[in-house]
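J.: Sharing a structure, written as structure tokens. Questions coming.
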Amino acid sequence: MKMWSGRFRQPLDPEFERWQRSFDFDRRLLRYELAASAAHARALKSAGVLSSDEIIGILRGLQQLGERAASSPSFLDDDEAEDIHHFVEKQLVALIGETGYKLHSGRSRNEQIATDLRLYVRAAIDQLRHELAELCSALVNRAEQAADSAMPAYTHLQRAEPVLVGHWLLAYVEMFLRDAERLADCRRRMNLCPLGSGAVAGATLPLDRAFMAETLGFDGPTANSMDATSDRDFALEFAQTLSLLALHLSRWAEEMILFSTEEYGFIGLPEIFSTGSSAMPQKKNPDLLELVRGKAGRVAGNSTALIIAVKGLPLAYNKDLQETQEPLVDSADTMLQMLPLVAGWMKAVEFHHERMQQAAQSGFMNAWAAATYLVQRGIPSRLAHERIGKAVQMCLERKCELKDLPLKELQSLSPAFDQDFYQSLQLSSVLAIHDVPGGTAPARVRQAIGVTRKQIESLREEVHAQETHAHA
Ligand code: ARG
């Protein structure tokens, strides 16, 4: 039986009927639909709508539906079900008889889908934050292993200054920790329960909304039934947060691809995450990285699809909102599949430290440190910059580095140069002068590794506490 056929004289056009269904994709929401339905059933019992026998029958029936779906996925192959709400009602009635129809008392699918989606997004956030903690931890481990080895840092993709390899890796950890925080923020704002909002104006029965919210691990009920049944801000925020995460991953992937080229030669691609060419026998291609970079388009596209689907919708529920489900789930799936692979890649990648270290010592990356030497001897910074610029010019003509210029010639540029200048040009000295919080001096990087580890630990603890709470 349909959920709404009473006022219709004609059956639906069969093609339209199939086309407007959402069961193909909202079947994924079954566990949330069952949980929300159980909470509603309990509220119906307290409101005196269900007898003790009826509530027992309904709760048992809902549980059995969950078990059946888990043990035989083909149970969900139902050509008649319009959506997940219809499916559960239909199967519940098949299981326990007409009492099953009582479950829908005082509720609407509009509040149900809003609730199911919030539960889905909340669970996805918990999983994603867990995966982000794993990825960050893989990066921090590699940062620690890299110890004091250095590499060039680039601005404008031109060699700029040397940094520790650990410092470079921690830059990505910062991005991913911000992503984890944004997800937490989104979770905090969305953790309110629409149940009891009815179709648009609020439930028609005295349902205990606070009780239903608590049962489902929400912080409380939503404040306005019109907003609650039509609000998809949480889905948009979530999808946008994932766009930003995908964007960070695409930057990471691009840099790894560059660094794996013969031209850079900083990293060796792990074979277990690369593929060959069907034509060129010598090739090892960075497919994982390229796909990660490419997925950013898809995830950003999903986020745009959501914004445009919701744009201009009058209050309250409109069927357009059904269109928000697929992009939302696709973004979550894409990121959930990708993050463990990225973490696996980070664990497996080979760093060519010698080559990086060498690259860090050529191309005048100590020029700013050289200018700083003069500044510390009282030369105004602009003039020091200019003097070192001249020295670089000399080197370019002679095809050498600053350290190769004789002291005499340096002194012709400025009398402030002395023998200890050469010491200041050495890689270890150059690294050491960046001795500020957030800088690349080895002691600062070690400190940052410690701080980051603590942040990852508290992220893990938070996720664990929330997961336990949400599934209690
Ligand atoms: N499948 C619908 C959706 O995703 C469920 C809500 C349907 N509500 C309605 N009044 N037709 O939005």
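The values are calculated or read from the model by the stated rules, or taken from the named source; none is laboratory data. Since the model is a prediction, treat every value here as computed from it, not as a measurement. Cβ sites come from the backbone with ideal geometry, for glycine too, and all protein chains shown count toward neighbours. Note: accessible area is taken over every heavy atom of the protein model, side chains too, but ligands, DNA and RNA are not part of it. Shrake-Rupley method; radii C 1.70, N 1.55, O 1.52, S 1.80 Å.
J.: From the residues in the range 429-452 that are of a type in the set (Val, Ile, Thr) and in contact with an Asp or Glu (Cβ under 9 Å, 6 or more places away or on another chain), which one is surrounded by the most Cβ atoms within 10 Å (Cβ to Cβ)? Reasoning before the result, please.
T.: Initially, the range 429-452 is screened for residues of a type in the set (Val, Ile, Thr), giving 430, 433, 436, 440, 445, 449, 451-452.
This time we only want the ones that are in contact with an Asp or Glu (Cβ under 9 Å, 6 or more places away or on another chain), so: 430, 440, 445, 449, 452.
Working: Val430: 25, Thr440: 25, Val445: 27, Ile449: 19, Thr452: 21.
Looking at the filtered set, the residue picked out is Val445.
J.: Cβ-Cβ under 9 Å, sequence separation 6+ or interchain: first residue in the range 59-86 and over 16 Å from Leu34 (Cα atoms) and open to solvent by 20 Å² or more (accessible area, probe 1.4 Å), partner assigned to a loop (DSSP other than H, G, I, E, B) and within 16 Å of the ligand (Cβ to nearest atom). Which pairs?
T.: Here the result reads Glu80/Lys2, each pair linking the range 59-86 to a residue that is assigned to a loop (DSSP other than H, G, I, E, B) and within 16 Å of the ligand (Cβ to nearest atom).
J.: While we're on this one: Among (1) away from the ligand (no atom under 16 Å from the Cβ); (2) at pLDDT below 95; (3) open to solvent by less than 90 Å² (accessible area, probe 1.4 Å), which single condition is Pro11 missing?
T.: Status for Pro11: all satisfied but (3).
J.: Does Gly196 count as surrounded by 18 or more Cβ atoms within 10 Å (Cβ to Cβ), of a type outside the set (A, V, I, L, M) and in contact with a Lys or Arg (Cβ under 7 Å, 6 or more places away or on another chain)?
T.: Yes: the conditions hold for Gly196.
J.: Can you tell me which residue in the range 323-376 is nearest to His130 (Cα to Cα), limited to those that are acidic (Asp, Glu) and under 16 Å from the mean Cα position of the chain (by Cα)? Let's see the steps before the verdict.
T.: Taking the range 323-376 as the starting set, the residues that turn out to be acidic (Asp, Glu) are 323, 326, 330, 333, 350, 354.
Then keep just the ones that are under 16 Å from the mean Cα position of the chain (by Cα); that gives 330, 333.
Details: Asp330: 19, Asp333: 14 Å.
So the residue we want is Asp333.
J.: Hey, among the residues in the range 16-50 that are hydroxyl-bearing (Ser, Thr, Tyr) and open to solvent by 20 Å² or more (accessible area, probe 1.4 Å), which one's farthest from His85 (Cα to Cα)?
T.: Applying the first criterion (hydroxyl-bearing (Ser, Thr, Tyr)) to the range 16-50 yields 22, 32, 37, 46.
Cutting the leftovers down to open to solvent by 20 Å² or more (accessible area, probe 1.4 Å) gives us 32, 46.
Values: Tyr32: 11, Ser46: 22 Å.
So the residue we want is Ser46.
J.: Sticking with this structure for a sec: Which one is nearest to Glu350 (Cα to Cα) among residues in the range 103-159 that are part of a loop (DSSP other than H, G, I, E, B) and more than 16 Å from the ligand (Cβ to nearest atom)?
T.: Here the residue is Ala146.
J.: Restricting to the range 199-240, name every residue that is farther than 30 Å from Lys45 by Cβ and open to solvent by 10 Å² or more (accessible area, probe 1.4 Å).
T.: Going through the range 199-240, the residues farther than 30 Å from Lys45 by Cβ turn out to be 232-233, 235-240.
Scanning the range 199-240 gives Asp233, Leu236, Glu237, Gln240.
J.: Find all pairs meeting these conditions: Cβ atoms under 7 angstrom apart; at least six residues apart or on different chains; first residue within the range 289-303 and free of Cβ contacts under 8 Å to residues at least 60 places away in the same chain; second residue open to solvent by 50 Å² or more (accessible area, probe 1.4 Å).
T.: Correct list of pairs: Arg293/Glu254; Ala296/Leu247.
J.: Further question on the same structure: Take residues that are out of contact with any strand residue (DSSP E or B) (no Cβ under 9 Å at 6 or more places or on another chain), within 26 Å of Ala35 (Cβ to Cβ) and at pLDDT 95 or above and tell me which of the helices (runs of 4 or more DSSP H) falling wholly in the range 205-278 contain 3 or more. Steps first, please.
T.: Details: elements: 209-215, 225-230, 233-260.
Correct list: 225-230, 233-260.
J.: Something else now. Pick from Gly297, Gly312, Gly301: which is more than 16 Å from the ligand (Cβ to nearest atom), out of contact with any helix residue (DSSP H, G or I) (no Cβ under 7 Å at 6 or more places or on another chain) and not in a helix (DSSP H, G or I)? Don't jump to the end; show me each part of the working.
T.: Numbers: Gly297 fails: not in a helix (DSSP H, G or I); Gly301 fails: not in a helix (DSSP H, G or I).
Of Gly297, Gly312, Gly301, the one residue that is more than 16 Å from the ligand (Cβ to nearest atom), out of contact with any helix residue (DSSP H, G or I) (no Cβ under 7 Å at 6 or more places or on another chain) and not in a helix (DSSP H, G or I) is Gly312.
J.: For the range 426-452, give me the residue count where each residue is closer than 20 Å to Glu144 by Cβ and not in a helix (DSSP H, G or I).
T.: Residues in the range 426-452 being closer than 20 Å to Glu144 by Cβ and not in a helix (DSSP H, G or I): 7 in total.
J.: Looking at Leu92, is it open to solvent by less than 10 Å² (accessible area, probe 1.4 Å) and more than 16 Å from the ligand (Cβ to nearest atom)? Spell out how you get there, then give the answer.
T.: Working: open to solvent by less than 10 Å² (accessible area, probe 1.4 Å): yes; more than 16 Å from the ligand (Cβ to nearest atom): yes.
Judged against the criteria, Leu92 is a match.
J.: In the set Gln455, Gln393, Gln423, Gln358, which member is surrounded by fewer than 19 Cβ atoms within 10 Å (Cβ to Cβ), in contact with a Ser or Thr (Cβ under 7 Å, 6 or more places away or on another chain) and in a helix (DSSP H, G or I)?
T.: After applying the criteria, what remains is Gln423.
J.: Can I ask one more? Of everything in the range 320-355 that's free of Cβ contacts under 8 Å to residues at least 40 places away in the same chain and within 19 Å of Leu244 (Cβ to Cβ), which residue is surrounded by the most Cβ atoms within 10 Å (Cβ to Cβ)?
T.: Asp330
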